[in-house]
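One structure is given here, and the rest of the page talks about it.
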Amino acid sequence: MKINTTNFGEIEISKDKIIYFQEGIPGFEKEKEFVVILNEDTENPFHHLQSVNNPKLSFIIINPFEIFSDYDISLPDTTIDKLKITNQEQIVIYTIVLIPEKMEKMTTNLTGPIVINIEKKLGKQVILDDNRYSTKHFIFTQDSKVGGV
Amino acid sequence: MLILTRKKNESIILNGNIEIKIIELDDGKVRIGIDAPKSIEIMRKELYETIEEENKKAVSSKFNSNDIKKLLKK
């Protein structure tokens, strides 16, 4: 099916790639359908989470484990329940990226990862109460090298 | 919004299966105990609002694939 997007224009997506977010995403609770648009460049870890119905609603996302090898989270029971997770292989995690004026100061939200059950096509932004992580974690250590936690 | 007054040790029941109990009242703070099924998510409002705010800010991030690639190579 074709969808309209502000970032990519009109694109073709396969219906079986649509992830259903039952509760939407905090701030956008009415938007329930999203697709992950992977970067065409396989070496570029930045992808997009695009709303199917709202062309302007798109988040830049990364797989946090590719950047922060120490990132470790415990999914709460409510999440396992709501996303109908029955085994680890179903789980895909992304975190939302915020890019300010100075690109090297970009941050990612490690407190609110986007958790997807790729098999059941269900997703949710999980809010962790873990004070090791923040909503604004620098992706690049501030001397410009790709950094750790 | 429903507004009720409770004294220490009194409770409120939501939906027949969630109990909110006033445990302690002290110095402008109230300690609340919540008994709810595992499927119910409970969190401090500020935490939810922070995530909401961060999401709204993130939507306007501009993405330039080439510039990002250069940064990654450093």
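Assorted remarks:
- MRE, 222 nm, helices only [DSSP H, n ≥ 4, -39500 (n - 2.57), over chain B, to nearest 500]: -10000 deg cm²/dmol
- Per-residue ³J(HN,Hα) for segment A:42-51, Karplus 6.51 cos²θ - 1.76 cosθ + 1.60, θ = phi - 60°, Hz, x for Gly and Pro: 5, 8, 9, x, 8, 10, 10, 10, 9, 6
- Think of segment A:84-144 as having a plus end and a minus end, set by charges on the Cβ of Lys, Arg, Asp and Glu; of A:GLN90, A:THR108, A:TYR133, A:GLN90 sits farthest toward the positive end of this dipole.
- Distance between the pseudo-spin-label points of B:GLU24 and A:ARG132 (7 Å out from Cα toward the beta carbon): 2.8 nm.
- The ranking of A:TYR133, B:TYR48 by Cβ neighbour count inside 10 Å, starting from the fewest, reads B:TYR48, A:TYR133.
- Other protein chain C-beta atoms within 10 Å of residue C-beta, averaged over B:39-49: 3.
- For chain B, the list of GluC sites (Glu not before Pro) that fall in a loop by DSSP and count at most 11 other C-beta atoms within 10 angstrom reads B:GLU10.
- Two-site label geometry, B:LYS38 and A:GLN142: point separation in nm, points 7 Å out along Cα→Cβ: 4.2
- The GluC sites (Glu not before Pro) found in segment A:18-57 that occupy coil by DSSP, while having at most 12 further C-beta atoms within 10 Å, are A:GLU23, A:GLU29, A:GLU40, A:GLU43.
- Cα centroid separation, segment A:55-78 to segment B:3-74: 18 Å.
- Our coupling estimate for segment B:17-33, obtained by passing each phi through the Karplus curve with A = 6.51, B = -1.76, C = 1.60 and θ = phi - 60°, is 9, 10, 10, 10, 10, 7, 8, 8, 10, 6, 6, x, 10, 10, 9, 10, x Hz, Gly and Pro reported as x.
- Charge dipole (debye, nearest 20) of segment A:37-136; +1 at Cβ of Lys and Arg, -1 at Cβ of Asp and Glu: 460
- Cβ-defined net charge surrounding B:THR50, 13 Å radius [Lys, Arg +1; Asp, Glu -1]: -1
- Proximal charge balance of A:GLU89 [Cβ under 14 Å; K/R count +1, D/E count -1]: +1
- Per-residue [θ]222 nm for chain A (sum of -39500 (n - 2.57) over DSSP H runs n ≥ 4, rounded to 500): -1500 deg cm²/dmol
- Globularity index of chain A, i.e. its alpha-carbon radius of gyration over 2.2 N^0.38 Å: 1.04
- Peptide A:41-50, shielding by other chains (average Cβ, 10 Å cutoff): 2
- The count of lysine pairs in chain B whose Cα atoms are under 30 Å apart, excluding pairs fewer than 8 places apart on the same chain, comes to 28.
- Sparse packing (at most 13 other Cβ atoms within 10 Å of the Cβ) combined with a DSSP loop state is found for the following trypsin sites (Lys or Arg not before Pro) in segment A:24-60: A:LYS30, A:LYS56.
Where a number appears in this text, it was derived from the coordinates with a stated rule and is not lab data. Fair warning: this is a prediction, and the values are worked out from it, not measured in the lab. Using ideal geometry, Cβ is built from the backbone for each residue, glycine included, and neighbour counts are taken over all protein chains shown.
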